[in-house]
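The values are calculated or read from the model by the stated rules, or taken from the named source; none is laboratory data. Model, not experiment: these values are computed from the prediction. Here the Cβ positions follow ideal geometry from the backbone for every residue, glycine too, while neighbour counts run over all protein chains shown.
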Amino acid sequence: MNTSIYESETIVNSLKEKNLYELFSAHVMKHLMTILIAVFSIGYHGKIVDFANHSDCHRTTLGHFLNHGKWDETVLETAIKMSVLSIIYEEAKRSGKPVLCMIDDTISSKTIPSSKAELPIESADFHFSHLKGKSDYGHQAIAVLLL
């Protein structure tokens with residue numbers, strides 16, 4: 001797995017700063033790095049098989065890790081949230097100006113049946129669409145923009 005992402009000292013150092021290597025086992029970190037590599041690779045479609053293309057593990061092993069793995073994902077979520085808040089506060093302090101935050105929740109709607117889709121949506125769910133004024137089936141991406 002000699003990719004520029006895997007070998008990136010910046011990414012590894014960032015994960016170490018967040019104490020992820022102390023919070024999670026080497027096994028969990030190996031799977032998280034595989035997922036990170038896949039997400040930023042060309043051809044990523046959001047499927048488990050994309051992760052398996054960047055791992056020495058079979059796709060079912062990675063699927064089991066995500067669905068039934070014995071690791072606390074709230075620890076990762078908390079570490080990411082704390083990191084983002086730290087960046088926001090540092091920028092506000094550095095600039096001396098308030099940091100405005102805009103939250104965007106966009107839904108990628110499922111428009112055709114999975115059997116006819118070239119790239120079927122996996123793990124979709126119902127989300128409230130502000131544009132349609134009702135629930136919509138698909139993936140929801142939430143982005144936080146700092147101005």
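For Ala38, the stated conditions hold: it is in contact with a Phe, Trp or Tyr (Cβ under 7 Å, 6 or more places away or on another chain), under 28 Å from Asn19 (Cβ atoms), surrounded by 13 or more Cβ atoms within 10 Å (Cβ to Cβ) and not hydroxyl-bearing (Ser, Thr, Tyr).
Okay, residues lined up against (1) surrounded by 12 or more Cβ atoms within 10 Å (Cβ to Cβ); (2) of a type in the set (Phe, Trp, Tyr):
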residue	(1), (2)
Leu15	yes, no
Phe24	yes, yes
His58	no, no
Glu77	no, no
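Quick grid of which residues meet (1) exposed (fewer than 12 other Cβ atoms within 10 Å of the Cβ); (2) in contact with a strand residue (DSSP E or B) (Cβ under 6 Å, 6 or more places away or on another chain); (3) not in a loop (DSSP other than H, G, I, E, B):
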{"position": "Val99", "(1), (2), (3)": "no, yes, no"}
{"position": "Asp105", "(1), (2), (3)": "no, yes, yes"}
{"position": "Ser114", "(1), (2), (3)": "yes, no, no"}
{"position": "Pro120", "(1), (2), (3)": "no, no, no"}
{"position": "Phe126", "(1), (2), (3)": "no, yes, yes"}
{"position": "Lys132", "(1), (2), (3)": "yes, no, no"}
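Answer yes or no as to whether Leu32 is in a helix (DSSP H, G or I), within 16 Å of the chain's Cα centre (by Cα), under 20 Å from Val144 (Cβ atoms) and modelled with pLDDT of 85 or more. Here the answer is no, as Leu32 does not meet what is asked. Looking for something modelled with pLDDT of 80 or more, of a type in the set (D, E, K, R) and either under 19 Å from the mean Cα position of the chain (by Cα) or assigned by TED's automatic domain parsing to the domain that holds Ile48 (or both) - is there at least one such residue anywhere in the range 111-132? Looking for residues that are modelled with pLDDT of 80 or more, of a type in the set (D, E, K, R) and either under 19 Å from the mean Cα position of the chain (by Cα) or assigned by TED's automatic domain parsing to the domain that holds Ile48 (or both), one finds at least one in the range 111-132, hence yes.
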